[in-house]
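The values are calculated or read from the model by the stated rules, or taken from the named source; none is laboratory data. Quick caveat: nothing in here was measured; it's all calculated off a predicted structure. All Cβ positions, glycine included, derive from the backbone under ideal geometry; neighbour counts span all protein chains shown. Surface accessibility is based on the protein's heavy atoms, side chains included, excluding ligands, DNA and RNA. Shrake-Rupley method; radii C 1.70, N 1.55, O 1.52, S 1.80 Å.
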There are 2 protein chains.
Amino acid sequence: MNGMEVVVYLMLLTGCLAASKLHQVIDNGHSFNVTVNDILIFQHTYDNPMLYVGMGRTNFLEFRGNFRIDNDINRRVGLRNYTYQNFNWTDEIDFLMDDHQLRFRITTYTDKSVGIEIINNGIEYDYLWFRVVAEASEQVYGLGEQFSHLNLREFSYTPGKDPELFSVSRSRDRIYPIWTREQGVGRDKHDQVTFFADKMSGAGGDYHTTYFPQATFISSRKYLFHYDWYNYAEFDFSHNQYHEVFIKGEFSNLAIIPRDNMVDLVKSFVADTPLGKMAPLPSWLRDGIILGVQGGTDIMLKRLKTAQDQGVAVNGLWIQDWAGIKNTTFGQRLFWNWKWNPKRYPGLDQKIKDLKAQGVKVLAYINPNLNIEGDLYKTASSQGFVVKNRTGNPYLLDFGEFLCGIVDLTNPAAFNWYKGQIKTNIIDLGLSGWMADFGEYLPVDAVVFDKTLSIEMVHNQWPVLWAKCNRQAVEESGKLGEIVFWMRAGAAHTSNYTTLMWAGDQNVDFSYGDGLPSTIIAATSMGLSGTGLTHFDIGGYTTFGSLGLRRTAELLLRSAEMAVFTPVMRTHEGNQPDFNVQAYSNQYILLQFARLVQIYRMLGNYTTSVIQTCVRDGIPAQRPLVLHYQNDPVAVNAKYQYMYGSDLLIAPVIQANVTSQKVYLPQGEWVFLWNTSTQTAGNKYITVPAPIGQPPVFYQKTSPYSATFNAISKIPLVPPPPTTNQPSTKAPGSSNSGVLTATNSVLLLLTLYTQLMYNFSI
Amino acid sequence: MNGMEVVVYLMLLTGCLAASKLHQVIDNGHSFNVTVNDILIFQHTYDNPMLYVGMGRTNFLEFRGNFRIDNDINRRVGLRNYTYQNFNWTDEIDFLMDDHQLRFRITTYTDKSVGIEIINNGIEYDYLWFRVVAEASEQVYGLGEQFSHLNLREFSYTPGKDPELFSVSRSRDRIYPIWTREQGVGRDKHDQVTFFADKMSGAGGDYHTTYFPQATFISSRKYLFHYDWYNYAEFDFSHNQYHEVFIKGEFSNLAIIPRDNMVDLVKSFVADTPLGKMAPLPSWLRDGIILGVQGGTDIMLKRLKTAQDQGVAVNGLWIQDWAGIKNTTFGQRLFWNWKWNPKRYPGLDQKIKDLKAQGVKVLAYINPNLNIEGDLYKTASSQGFVVKNRTGNPYLLDFGEFLCGIVDLTNPAAFNWYKGQIKTNIIDLGLSGWMADFGEYLPVDAVVFDKTLSIEMVHNQWPVLWAKCNRQAVEESGKLGEIVFWMRAGAAHTSNYTTLMWAGDQNVDFSYGDGLPSTIIAATSMGLSGTGLTHFDIGGYTTFGSLGLRRTAELLLRSAEMAVFTPVMRTHEGNQPDFNVQAYSNQYILLQFARLVQIYRMLGNYTTSVIQTCVRDGIPAQRPLVLHYQNDPVAVNAKYQYMYGSDLLIAPVIQANVTSQKVYLPQGEWVFLWNTSTQTAGNKYITVPAPIGQPPVFYQKTSPYSATFNAISKIPLVPPPPTTNQPSTKAPGSSNSGVLTATNSVLLLLTLYTQLMYNFSI
């Protein structure tokens, strides 16, 4: 949403004022309360002001999409005194400072939504803080895509840790910045992979680092908080009596939307905010699995045949190296020049057609950066279409032995040119989709064409511009509903443009901070922020072979069996394919995949209805238990189980060596998917067997899809492989023989570094 | 210094006003400058106020002496407006806020010192910040005992790290809290030992964690800043144009003392502050080395004989387990009941006499905590002599399978009782010294007898009370100058009471954060803060056998050769003796020690003069180069070389596998200690051979001690051992067979933990 769109949005809302006023200001002269639908939202007294302003400087120190952010706060003052004026639909509180005022304007738009603006009359400030009333037992959810916490106020500790120790404190560990960036490698300061990533390049991440932050949350006190702009912000959920919101720069529009229950709160994203609806996903996605493969036309076809020979229903081949490769001292990298490379993929144009006729689509990869050695960069830079540095020259990002320019998506001419490249080079070639990678790296010392917004806001808005460019290319080609592109970077309004999200780069492990478990929270928190269609890399991505972080067959299969209960199944070879077990590694694994994809296909009608509900009402496909069971004290904090649609409860296996698992069943009548004779009323825990291929899943006994579920229960398990030996976790060959993928190139350095440096004796 | 002493100090200073006013306030109505001896110290404008007040809450989260401290700052306001009044020797600036004032009173006391008080007239605040003018190129030194940075504004990066990366930023990495605590294990967030210590128990420490912080610094702008009280404080040296000092709670007295050079600045500690002089060290210390041994009378005597047989001049046997041991599941721990245990040390009383007659003293160990299983605790608690918790019961600290009470040193009766125990149990037994360990752990939720000060101030003052208790025991026994006790914990005024410091618990490695190199900065930074006599554990202390952190012969010998050039030589077996090479491990090492102690003894007269200078003028024994070469741009940042006295320049070998080393020589004529034919003028680097036993040392050609140094140059190196194999780094036996020492019991948990958990494959 650009500046003009904001105005339109406000006019729209102002145009249809409510039948009755939703908010109330109760003023006592020296203190006031603001309620929305009788929920106390703001509370102001002289001693505990609700609004603060401050001066200072924020440093954004970047290294390849990883940021260290420090606020150097020089001044922070609560605005104690105020005057109050009541209009028809609007209340205005003028907070006073010296001879100036900050006007806090509260308006009931429609009968469903309260809007808040802040109009500054002469107060100089860099920062603004305001407090929202909280209760000690309250839960909050959302803030875009989170990976570590579902309830963002969660007062908990990492399993196995002594709660008396440091890691437990909620203080300072429940502050969530709104800043799009790399999610980080490990994302847990007590994790060894994080430690090494931090040591090498500050790339370890933290509990709050995410590609897709959004200043939106839902409170168990039954309101939705949606701030509709791109400021650098921080949400401090560490206090018992209030939430404190920190906004850098000028305040835009905040909506407080009360509803009676969580489902209606989520529905209001579509109904009552400008976030809008997602488009329906192409139906061909439900026909099978997209295999992430690479290496050229022959290898691609060989992988397809290997999979099909074992009965895997493949509906897509995703070839990220379609534009060619570049040799570096770290190994092979993608050549970031986004068009078909006939040398690497001879005859691809014809193969795309042939495969499509067989029901197999081909998909590609792009990102908003261009290798300066490619012709696309040359065209872009010669026309002034790339982001500049302060000297007026192209801003070049070092991605590891190659430099890239950044297409300036704020420049309409550049935007259109890049959109044209997508149409010509990808869509016209017959490709059916692509990973639209990156979008988080715009440096804060860059200079962009459109100077309407501060560069920090442009940084946070960048993923939306990037999504919009892709979406328009698809729409203008008339292919919406046929083509799918998937993104990791996001911000408010991403849901208006992207066709699908994915959870980014997980470690190929079971770690809570960055492994398979984190993809569950990624989906459910994103769902509670208005973006309900996402998926993840089956098997994870981030491999760190020299550190022992390699993908096992168990992890691959556990993540594949979970992906059955998501809208899209797609594999990734990972950044070091040779250290990872792959879908095509051996017959046993292929048979497992064949069976899982069969089940996924059997779920097709159900999945279609789940997606339809999401598109229509904004109810996400993967739903945290709290969405449907908000009064259940276990459900409200259940972060590693989810509902897939309203009928299936999934408790994915997220640890190694599991043979059975304890599952929480909320109220209802539940049937165990893999043995329908196990039926039980909910409101309790139950332990069920959980062999590979049968993750704990229950369905509602009353589900109209019971026949489908019952049919699934008849599908036998894949028999164990002839030898009891598990397949080796390491394929032959060195880590550098495969093509290293483009995402998060920091890993390349890490790998090299640890190969050289990891000589600490044990 | 208690409250009354502060008053006396002020009166003393006020009583002898200067002949001319040292400070000036230049007021322009809306802004002012304050100079001291023409150095601009404070600068105030409406837009950039020098003084800020704030409200908030500070959380001190403790685990066994390790603290996580968070300031939750709710309000921070610069005081922009002021009125100014000029008196004879005093200037008063009343900063205005609403109807209240904060009076900033600047007084020239004597002609050498300017004092600053702040008198609050009605302003409510929890925090106070003020800014001291800085220049971009300025250096600052001090803040008590620091381990990582000598120049506290150092803009540098860890060797081997890319300066473009995160670890380099000065922002937020040059903030130094004033809070006594464990120094931490590793003390470098990029170090693996730190990572594991943090993971287990938050015990990893950081660049600023120290046992002995002190709100005192010296600026290259030629003034001394001495704040003479115990508030929790933070010194922020991360800004180019100012230093910002944060004080929690009521402000006490600040002195700004200008001098023409660094030596005079350091001299002013003794001459112009209440810090006073240290006592002379007993002369017997110069007769040899104190061996840290344990295990009972027989083993003690066996170790002595082994050492003497190889010619090691032993002047002391330090037996930390003199009070007995306690078996735990981690292994043997000391029994914290500070009196002779005749079971473990049969006949010790007589042996002390016998050994003393042979010139060998026996030394012991105590700390301010008492195991509740011991009779000392029973006596203390029955008389109400222990610190209480909020329920009024004894505050018990868990040190790892045993609980301790804390003697309440703020209670005069308890203080005197404990002092009596030291006299009776230690001094009367004939012991000649002891490690007076700990002093950093007082929890902030404890309740002490004397409620004059806040518990936070008592926490920071605790090391001084503990030092005072020991000192009075020695003095009242008439043994000052005969007995030595050494401490790690400290604060302002420690120098008035302790007889000697030591650098605490280093890792048994060469790491910069916590290994041998850090002991150099410990000595020099402490020296620039007014405490000039310290030493360190030869070989280090913190062993982490299961992680590969074990003491090698090389580390042991490199640290022993450095200790020659310090006031006192003393070994420590470390917390896991069996993982460490020991002074008595084999003949080769003993011969090396024999030679090094011989050299140390030959330096005796020189050392005596160095100590005399320290006692008289406050000039430390180990001096950073900047003290004598403040105009030399290399010297001002040289952190790993030091002057021992004024005639010897030491460049200790602080890395493994060194055979030669580059040394910086400042202006002067220098002679290489180990080959006096190497003579050169300074102001340059020179590379010299550095075999084990001959660390790079130069002496001033004009030194009156040239004959001594020349004699030392004739001492031959110890020939290499018969086999070229280095001695094994691991002695036979398990890590638990030795007595685990008492200091930093967190390590026990760490060790256990890593044995259980460290299964990350490489």
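Below are the figures for this structure:
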{"read-out": "Condition check for residue B:71: touching a strand residue (DSSP E or B) at 6+ places or on another chain (Cβ under 9 Å) and not in a strand (DSSP E or B)", "value": "no"}
{"read-out": "Answer from A:339, A:305, A:356, A:351 - the residue that is part of a loop (DSSP other than H, G, I, E, B) and modelled with pLDDT of 95 or more", "value": "A:339"}
{"read-out": "Which numbered condition residue B:236 misses (of (1) touching a strand residue (DSSP E or B) at 6+ places or on another chain (Cβ under 9 Å); (2) within 12 Å of another protein chain (Cβ to nearest Cβ); (3) open to solvent by less than 30 Å² (accessible area, probe 1.4 Å); (4) modelled with pLDDT under 95)", "value": "(4)"}
{"read-out": "When residues of region B:547-556 are limited to those that are hydrophobic (A, V, I, L, M, F, W, C) and within 11 Å of another protein chain (Cβ to nearest Cβ), the one surrounded by the fewest Cβ atoms within 10 Å (Cβ to Cβ)", "value": "B:547"}
{"read-out": "Region B:65-76 - residue that is more than 22 Å from residue A:75 (Cβ to Cβ) and crowded, with 18+ Cβ neighbours inside 10 Å and, of those, nearest to the other protein chains (Cβ to nearest Cβ)", "value": "B:66"}
{"read-out": "Wholly within region A:646-727, strands (runs of 3 or more DSSP E) carrying at least 2 residues that are within 26 Å of residue A:539 (Cβ to Cβ)", "value": "A:648-650, A:660-665, A:684-689, A:697-700"}
{"read-out": "Members of region A:90-116 found to be more than 37 Å from the chain's Cα centre (by Cα) and modelled with pLDDT under 95, listed by number", "value": "A:97, A:98, A:99"}
{"read-out": "Selection count, region B:317-334, where residues are in a strand (DSSP E or B) and in contact with a Lys or Arg (Cβ under 6 Å, 6 or more places away or on another chain)", "value": "2"}
{"read-out": "Filtered residues of region B:605-615 (kept if of a type outside the set (S, T, N, Q) and open to solvent by 10 Å² or more (accessible area, probe 1.4 Å))", "value": "B:615"}
{"read-out": "Hey, residue B:689 within 26 Å of residue B:594 (Cα to Cα) and more than 27 Å from the chain's Cα centre (by Cα) or not", "value": "yes"}
{"read-out": "Flag for residue A:559 being assigned to a helix (DSSP H, G or I), open to solvent by 10 Å² or more (accessible area, probe 1.4 Å) and either among the aliphatic types (A, V, I, L, M) or more than 15 Å from residue A:186 (Cα to Cα) (or both)", "value": "no"}
{"read-out": "Count - residues of region A:23-44 that are open to solvent by 50 Å² or more (accessible area, probe 1.4 Å) and either closer than 16 Å to residue A:243 by Cα or part of a strand (DSSP E or B) (or both)", "value": "4"}
{"read-out": "Residue A:277 over 25 Å from residue A:126 (Cβ atoms), surrounded by fewer than 23 Cβ atoms within 10 Å (Cβ to Cβ), under 18 Å from the mean Cα position of the chain (by Cα) and more than 14 Å from chain B (Cβ to nearest Cβ)", "value": "yes"}
{"read-out": "Leading residue by the ranking (nearest to the chain's Cα centre (by Cα)) among those in region B:117-145 that are open to solvent by less than 20 Å² (accessible area, probe 1.4 Å) and of a type in the set (D, E, K, R)", "value": "B:145"}
{"read-out": "Region A:412-466 - residue that is over 28 Å from residue A:232 (Cβ atoms) and among the aromatic types (Phe, Trp, Tyr) and, of those, surrounded by the most Cβ atoms within 10 Å (Cβ to Cβ)", "value": "A:434"}
{"read-out": "Filter result (of a type in the set (D, E, K, R) and within 13 Å of chain B (Cβ to nearest Cβ)) within region A:183-222", "value": "A:188, A:189, A:191, A:198, A:199, A:206"}
{"read-out": "Test: residue in region A:390-404 that is open to solvent by 40 Å² or more (accessible area, probe 1.4 Å), closer than 30 Å to residue A:331 by Cβ and in contact with a helix residue (DSSP H, G or I) (Cβ under 6 Å, 6 or more places away or on another chain)", "value": "yes"}
{"read-out": "Cross-chain or 6+ apart pairs with Cβ under 7 Å, region A:303-324 first and under 21 Å from residue A:599 (Cα atoms), then surrounded by fewer than 19 Cβ atoms within 10 Å (Cβ to Cβ) and basic (Lys, Arg)", "value": "A:313/A:601"}
{"read-out": "Those residues of region B:193-203 which are open to solvent by less than 30 Å² (accessible area, probe 1.4 Å) and out of contact with any helix residue (DSSP H, G or I) (no Cβ under 7 Å at 6 or more places or on another chain), in sequence order", "value": "B:194"}
{"read-out": "Residue A:57 at the interface with chain B (Cβ under 10 Å from one of its Cβ atoms), part of a strand (DSSP E or B) and loosely packed, with under 15 Cβ neighbours inside 10 Å", "value": "yes"}
{"read-out": "Criterion: within 24 Å of the chain's Cα centre (by Cα), within 14 Å of another protein chain (Cβ to nearest Cβ), touching a residue at least 12 places away in the same chain (Cβ under 8 Å) and open to solvent by less than 10 Å² (accessible area, probe 1.4 Å) - qualifying residue of B:544, B:565", "value": "B:544"}
{"read-out": "Residue within region B:146-157 that is modelled with pLDDT of 95 or more, over 23 Å from residue B:274 (Cα atoms), within 14 Å of another protein chain (Cβ to nearest Cβ) and assigned to a loop (DSSP other than H, G, I, E, B) present", "value": "no"}
{"read-out": "The one condition in (1) over 23 Å from residue A:299 (Cβ atoms); (2) surrounded by 24 or more Cβ atoms within 10 Å (Cβ to Cβ) that residue A:482 fails to fulfil", "value": "(2)"}
{"read-out": "Failed item, numbered, when residue A:509 is tested on (1) under 26 Å from residue A:331 (Cβ atoms); (2) surrounded by fewer than 24 Cβ atoms within 10 Å (Cβ to Cβ); (3) among the acidic types (Asp, Glu)", "value": "(2)"}
{"read-out": "All positions within region A:77-99 that are open to solvent by 30 Å² or more (accessible area, probe 1.4 Å), in a strand (DSSP E or B) and touching a residue at least 60 places away in the same chain (Cβ under 8 Å)", "value": "A:86"}
{"read-out": "Residue list for region B:270-297, restricted to those being modelled with pLDDT under 95 and not in a loop (DSSP other than H, G, I, E, B)", "value": "B:270, B:271, B:272"}
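Listed here are the residues, each with its yes/no results for (1) among the charged types (D, E, K, R); (2) closer than 23 Å to residue B:626 by Cβ; (3) out of contact with any Phe, Trp or Tyr (no Cβ under 9 Å at 6 or more places or on another chain).
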position	(1), (2), (3)
B:478	no, no, yes
B:481	no, no, yes
B:489	no, no, no
B:492	no, yes, no
B:504	no, no, no
B:507	no, no, no
B:517	no, yes, no
B:528	no, yes, no
B:561	yes, no, yes
